[in-house]
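Values quoted throughout were computed directly from the atomic coordinates according to the rules given, and no laboratory measurement underlies them. Only a predicted model underlies this, so the values are computations on that prediction, with no experimental measurement involved. Here the Cβ is made from the backbone with ideal geometry for all residues, glycine too, and neighbour counts use every protein chain on show.
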Amino acid sequence: MELFYSAPILIVATIAVIYVAGWIGFWMYAGLAGGHILAQVIGAAALLVMLPLLTPFVLAVVRAWRHKGPVVTMDATGITDVRKKCQFIPWTDVDVVKLGLGNTASDLCIEFRKPDRAREDGPVFFWFGAALKRSRALGDWNVSLRMLSCRRTEVLRAAQRMRQKGLRQQIVEMNKHDRNGWSGTL
């Protein structure tokens, strides 16, 4: 299963970025051009507060427009998300596949069989990083489905099917050399 960016969602996101950037630019100009102290404070707040909040969103939208091809790929060997530092996770390392809850419901959450800090998402400050992810109902490795053209429940079912298929293939591969009378099929 291959998932691509959704053009309608990207258009709406681009319009939102342009609108907010225009708002920041207007208040910055009003703060510099106007002599009133309140306008200057609002202009500084627009620049210092909104710009750092907007930057990751702008980068995500630009990266989405520039990317061609599938963003997330799931097959019998594992799941690949090209947006991540650790792009591939084999199904043999996965314990649970689920959807997030609440405002993280658009995330496919992957929990590892054994903790692996090198491949986990987000900041990991000893126990604090894990507690923060758990409080947001996220897993060890999360695939954001927000700007992709897919239905999240279908992606969850496909991921669970692919995981089962991958584990079956691993069992067959491990046991095909044994001479214990097993036929080699499940």
- Query: If Lys and Arg each add +1 and Asp and Glu each add -1, what is the summed charge of the other residues whose beta carbon sits under 10 Å from the beta carbon of ALA60?
  - Reply: +3
- Flagged as over-length at 24 Å C-alpha distance, from LYS68/LYS165; LYS84/LYS114; LYS114/LYS165, the pairs are LYS68/LYS165
- Item | Extension gain from GLN87 to VAL12, taking 0.36 nm per residue of separation minus the Cα-Cα distance | 24.3 nm
- At 0.36 nm per residue, minus the direct Cα-Cα distance, what do VAL49 and TRP65 gain on full extension? Give it in nm, one decimal, please. 3.2 nm
